[in-house]
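Below is one structure; the comments refer to it alone.
Any read-out appearing in this document is the output of simple, stated calculations on the displayed coordinates, not a laboratory observation. Everything numeric in this text was worked out from a predicted model, so none of it was measured. Glycine gets a Cβ as well: all are built from the backbone with ideal geometry, and neighbour counts include every protein chain shown.
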Amino acid sequence: MRLNMKHFHKILSMQLFIIILFAASAFSQDKLSVAALSFPKGFLWGVSNSAQQVEGGLTNNSWAQWEKNGRVPPVGKATDFYNRYEEDIALAKSLHLNAFRFSIEWSRVEPQPGKFDKKEIEHYRKLIQAVRKSGMEPVVTFLHYTLPSWVLSLDAGETGADGWNNEKTADAFAAYCGRMAKEYAGLADIYLTMNEPVVDLFAGYVVGIFPPGQMGIVDMQSATHTPLVNMLTAHAKAYHAIHKADTTDADKDGVSAKVSIAHSIMALYPYPPDSKKSEDATRRFSHFWNWMFVDALTQGKLDENADEKTDAENAAWKSTLDFLGINFYNYEAVVSVRILRPVRGMPCVQNFLNLFPKGTNPFGCPPESKSVSDAPEGFYKVLTSSWERYKLPVFVTENGLVDEEGTLRPGYIVRNLVSLHRAMAAGVNIFGYLYWSLTDNYEWGLGYKMPFGLVKIDFNDTKLPRTMRNGSDVYGKIAENNGISSDLLAQYGDNKNP
Ligand code: BGC
């Protein structure tokens, strides 16, 4: 049969119409999939990183000194974020994220006491501007573990104490935070003075795997007392310095500065489960790790050994958190170890157990013990118990998983977000969630072996190529929809872990 032109046009336009209909429905299904669990308007979806782990080229801080002494694997160029932040911000944007957390490296902007480096201040200004320009809320951390080298040699008189053992560190820190908040007042509103102070305290002054490498496991309270008090004071002073310096409401939400810490909170359970001693150790360790620091910043009183008595107090510490930043990674067994004072116990965190020869189990941890990271029920408990205790708005400032292939991460994210949603439904005020991390990066004492990234980086290739890792689109879809679709729930929502 011969088609005439009229027929031909008719068939062609019918076909075109069908194709367009098809494409439109596929597009709308993907883009506008109705969220089965939706989040409040303006909820922050983002990613976190830290200077030492991504920037490269840091030579003037406590970790660089450790690297020189051969205590940790070399950092080298890291991910070269210092030069490639625009590229990484674009990657975050391509996942529809609206928040980006990074840290300012103190040793760059203030390489010598009181001498600020204009060029470096401009560098971070450009970085914050780039985050803002791409429609994301900057979340600024002032200290992610690394102290400038000069802070380590601040005069401490006869005590000769350095770093957090020296009370002068608190004043120096507050002055630096205040100066930065003034510089970036018109660009940033959300500030974290320090990342995981209790991790820094425990790893640096109890088990010696972070600088300054002090071992104080047998009498943790004495080992940590001075650095702990100085960290609390440093935060409190910085809190007031930041509020004084930043009175500009950069994101026009009616608040010029919100200040907190990023605090590691673990879900803990006694092992063996029916032992009174391990229950007691769990209560004590949980007090030390999860609550002690934040209790002091809310009440102005510090109870270091969970005996409900005040060991130190300072009115200036009180009410210095505008919200609570929570980093959640672990669901851990706690075993009773009577000789370890005052907690009388030890969590079975793998990093700490790695201190002992392979195959040995000095504390009687569960044989299969390895940090359980996919623990949505533990996450729920952490969110609800923090809220019950403090009634402070919660910002999840870190949550993430090591997963090279990208097969586990989507389920991990979905299940944790289901828990987060459930906590919100139960009344917990949560205003954002940041995944750790946008890209693979340097993992402290472990080097480049821990692929946490939504984006994979090939560290064997000098060009450090970035590729979106499998499964990362799942987080992107959630951020885009501001909710979790029923498809994602059906695929990943199953709550298999404790
Ligand atoms: C820290 C990060 C670290 C992450 C993964 C958090 O405790 O803030 O710096 O990379 O955990 O281990």
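Candidate cross-link partners of residue 477 among the lysines, defined by an alpha-carbon separation under 24 Å and a same-chain spacing of 8 or more, comprise 31, 41, 93, 133, 456, 496. Measuring from each cysteine beta-carbon in the chain, the ones with no other cysteine beta-carbon under 4.7 angstrom are 177.
Could you work out the helix-only [θ] at 222 nm for the chain, with each DSSP H run of four or more residues adding -39,500 (n - 2.57) and the total divided by the number of residues, to the nearest 500 deg cm²/dmol? Mind showing how you got there, number by number?
Values: 17 runs with 199 residues, N = 498.
Taken over the chain, the calculation gives -12500 deg cm²/dmol.
Estimated at 0.36 nm per residue, the fully extended path between residue 377 and residue 449 surpasses their Cα-Cα distance by 23.2 nm. Dipole check for region 134-192: with +1 at the C-beta of Lys and Arg, -1 at the C-beta of Asp and Glu, and the Cα centre as origin, the magnitude is about 160 Debye.
With a/c under 1.5 counting as rounded, go ahead and sort region 352-498 into rounded, prolate or oblate using the C-alpha gyration tensor (a ≥ b ≥ c being the square roots of the eigenvalues; past the cut-off, prolate if a/b is larger than b/c, else oblate). Here region 352-498 falls in the oblate category. Rounded, prolate or oblate: pick one for region 404-453, where a ≥ b ≥ c are the square roots of the eigenvalues of its C-alpha gyration tensor, a/c under 1.5 means rounded, and failing that, prolate if a/b is larger than b/c, else oblate. In terms of gyration-tensor shape, prolate.
Can you tell me the length gained on complete extension of the stretch residue 90 to residue 351, counting 0.36 nm per residue apart and subtracting the Cα distance? List each step's numbers first, then the result.
Numbers: separation 261, 0.36 × 261 = 93.96 nm, distance 3.34 nm.
Stretched fully, the residue 90-residue 351 segment lengthens by 90.6 nm.
Rounded to the nearest 20, the size of the Cβ-charge dipole of the chain about its Cα centre is 1260 debye, with Lys and Arg at +1 and Asp and Glu at -1.
Which GluC sites (Glu not before Pro) in region 345-403 sit in a loop by DSSP (not H, G, I, E or B) and have at most 15 other Cβ atoms within 10 Å of their own Cβ?
On the way: sites: 368, 377, 388, 398; in loops: 368.
Answer by residue number: 368.
Relative to the current alpha-carbon distance between residue 467 and residue 226, full extension at 0.36 nm per residue lengthens the span by 82.3 nm.
Can you figure out the FRET efficiency of residue 404 with residue 158, using R₀ = 45 Å and their beta-carbon distance, to the nearest 0.05?
Working: r = 51 Å, r/R0 = 1.14.
So the FRET efficiency works out to roughly 0.30.
Shown is the FRET efficiency for residue 133 and residue 168, computed with R0 = 35 Å from the Cβ-Cβ distance and rounded to the nearest 0.05: 0.35.
How big is the antiparallel share of DSSP beta bridges in the chain, given as a percent to the nearest 5? Rounded to the nearest five, the antiparallel share is 30 percent.
What shape does the chain have by the C-alpha gyration tensor, where a ≥ b ≥ c are the square roots of the eigenvalues, rounded means a/c under 1.5, and otherwise prolate means a/b greater than b/c and oblate the rest?
Values: a/c = 1.86, a/b = 1.49, b/c = 1.24.
Judged from the Cα gyration tensor, the chain comes out prolate (a/c at least 1.5, a/b above b/c).
Distance between the pseudo-spin-label points of residue 361 and residue 175 (7 Å out from Cα toward the beta carbon): 5.3 nm. Projecting the Cα atoms of 149, 186, 114 onto the dipole axis of region 87-210, where Lys and Arg carry +1 and Asp and Glu carry -1 at the beta carbon, places 186 farthest toward the positive end. For region 205-269 and region 295-352, what is the centre-to-centre distance using only Cα atoms, to the nearest Å? Cα centroid of region 205-269 versus Cα centroid of region 295-352: 12 Å apart. Here r is the Cβ-Cβ distance between residue 214 and residue 41 and R0 is 35 Å; the resulting FRET efficiency, rounded to 0.05, is 0.15.
Given charges of +1 on the Cβ of Lys and Arg and -1 on the Cβ of Asp and Glu, with all other atoms neutral, how large is the dipole of region 373-498 about its Cα centre, in debye to the nearest 20? Don't jump to the answer; show the numbers that get you there.
Working: 13 positive and 15 negative charges, 69 e Å.
Value, rounded to 20: 320 debye.
Annotation for residue 315 and residue 117: the two label points, set 7 Å from Cα along the Cα-Cβ direction, are 4.1 nm apart. Under 5 Å from the amide H of residue 325 lie the amide H atoms of 261, 263, 395, each residue being 5 or more positions distant or on a separate chain, with H modelled from the backbone and absent for Pro and chain starts.
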